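Novice: Structure below; questions to follow.
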Amino acid sequence: MNQLIEKIEELTPQNTTEAIDSIKSMITAEDAPIALKEEDLLRALSIEGEYLVLKLSYEDFVDELQYEKIKYKISQSLSIVVSYEDDGNSFENIEQFVHYISEYTETQQNAIFGIKKVEKLSEFPVTILFSGILPINQLTMHISKDIYDMIHADKPFFKAHFKAFREILSNTVGVPILPLFPKLDLSLQPTEAMLVDLIDERVVAKFSTQKRMDKITIDNYLQKLFVIYTQLCKKS
């Protein structure tokens with residue numbers, strides 16, 4: 001336990017006690033339905049980057065479907081560790097969280113969870129540790145409606161296409177690049193897209209094309225993103 005506490009203290013100069021208590025509470029007993037060990041948490045915190053602890057109730061899942069707070073934290077984190085409390089009546093609640101988080105994580109991310117048996121649920125029975133948060137993954141993409149419609153007209157194709165692009169980009173810059181999960185932005189003109197820094201909401205880049213929107217045009221945007229990400233990684 002000392003190693004875990006020392007790591008938290010190293011990473012958390014402020015509110016150290018609160019951070020220690022929150023993360024330690026995620027550890028389950030050895031006979032838990034699905035165990036979450038101190039080593040799991042230490043490994044997650046040892047990944048280069050910042051971390052964030054999010055505490056939720058099972059009812060917050062409804063809000064997540066609207067605001068997607070967890071989804072966009074997943075898009076920034078190389079590791080997602082979740083602790084669930086189960087009072088014997090929480091299986092469906094846990095299951096929907098597990099499926100949701102699994103849907104948005106990729107093989108290059110570490111995603112694990114533990115289940116803790118309790119007699120009564122606490123105020124926040126779900127604790128999520130996001131770690132390995134790097135500045136290069138704290139970006140989001142806003143896209144115009146025509147780009148959005150093009151992507152969603154063939155989601156399986158673009159999901160695989162974007163994944164292949166990220167693998168090439170990750171190998172080039174030497175850092176795992178995670179999905180952006182583009183947001184529809186109705187304020188943008190046709191063919192416009194912009195890359196935004198999630199920390200200060202600064203527009204990192206904005207670009208468009210006069211060409212007809214099709215799959216080849218989407219590749220033009222990927223080429224621009226490749227150059228931008230390569231430059232950003234060199235600066236950092």
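The values are calculated or read from the model by the stated rules, or taken from the named source; none is laboratory data. The structure presented is a predicted model; accordingly, all values stated were derived computationally and were not measured. Quick reminder, even Gly has a Cβ in these numbers, built from the backbone with ideal geometry, and neighbours come from all protein chains shown.
Novice: Which one of these does residue 79 not meet: (1) buried (at least 17 other Cβ atoms within 10 Å of the Cβ); (2) closer than 27 Å to residue 138 by Cα; (3) touching a residue at least 60 places away in the same chain (Cβ under 8 Å)?
Specialist: Residue 79 satisfies all of (1) buried (at least 17 other Cβ atoms within 10 Å of the Cβ); (2) closer than 27 Å to residue 138 by Cα; (3) touching a residue at least 60 places away in the same chain (Cβ under 8 Å) except (3).
Novice: Ok, one more. Of the residues that sit in region 196-229 and are of a type in the set (Val, Ile, Thr) and within 21 Å of the chain's Cα centre (by Cα), which one is surrounded by the most Cβ atoms within 10 Å (Cβ to Cβ)?
Specialist: So the residue we want is 196.
Novice: A further question on this structure: Surrounded by fewer than 16 Cβ atoms within 10 Å (Cβ to Cβ), small (Gly, Ala, Ser) and either at pLDDT below 95 or outside the structural domain of residue 49 (by TED's automatic domain parsing) (or both), is that true of residue 193?
Specialist: So residue 193 fails the test.
Novice: Being in contact with a strand residue (DSSP E or B) (Cβ under 9 Å, 6 or more places away or on another chain), aliphatic (A, V, I, L, M) and either assigned to a loop (DSSP other than H, G, I, E, B) or more than 25 Å from residue 132 (Cα to Cα) (or both) is the filter here, so list the residues in region 164-200 that pass it.
Specialist: 180, 184, 188, 193, 198 - these are the residues of region 164-200 that are in contact with a strand residue (DSSP E or B) (Cβ under 9 Å, 6 or more places away or on another chain), aliphatic (A, V, I, L, M) and either assigned to a loop (DSSP other than H, G, I, E, B) or more than 25 Å from residue 132 (Cα to Cα) (or both).
Novice: Any idea which of (1) closer than 17 Å to residue 69 by Cβ; (2) surrounded by fewer than 13 Cβ atoms within 10 Å (Cβ to Cβ); (3) not β-branched (Val, Ile, Thr) is the one residue 120 doesn't satisfy?
Specialist: (1)
Novice: Something else: Can you tell me which residues in region 209-236 are assigned to a loop (DSSP other than H, G, I, E, B), touching a residue at least 60 places away in the same chain (Cβ under 8 Å) and within 25 Å of residue 155 (Cα to Cα)?
Specialist: Passing the criteria: 213, 214.
Novice: Oh, and also: If you take just the helices (runs of 4 or more DSSP H) that sit entirely in region 1-80, which of them hold at least 2 residues that are under 14 Å from residue 130 (Cβ atoms) and either under 20 Å from the mean Cα position of the chain (by Cα) or at pLDDT 95 or above (or both)?
Specialist: By residue number, 16-24, 38-45, 69-74.
Novice: Could you tell me whether any residue of region 90-99 is part of a strand (DSSP E or B), assigned by TED's automatic domain parsing to the domain that holds residue 22 and farther than 20 Å from residue 19 by Cα?
Specialist: So far as region 90-99 goes, no, none of its residues is part of a strand (DSSP E or B), assigned by TED's automatic domain parsing to the domain that holds residue 22 and farther than 20 Å from residue 19 by Cα.
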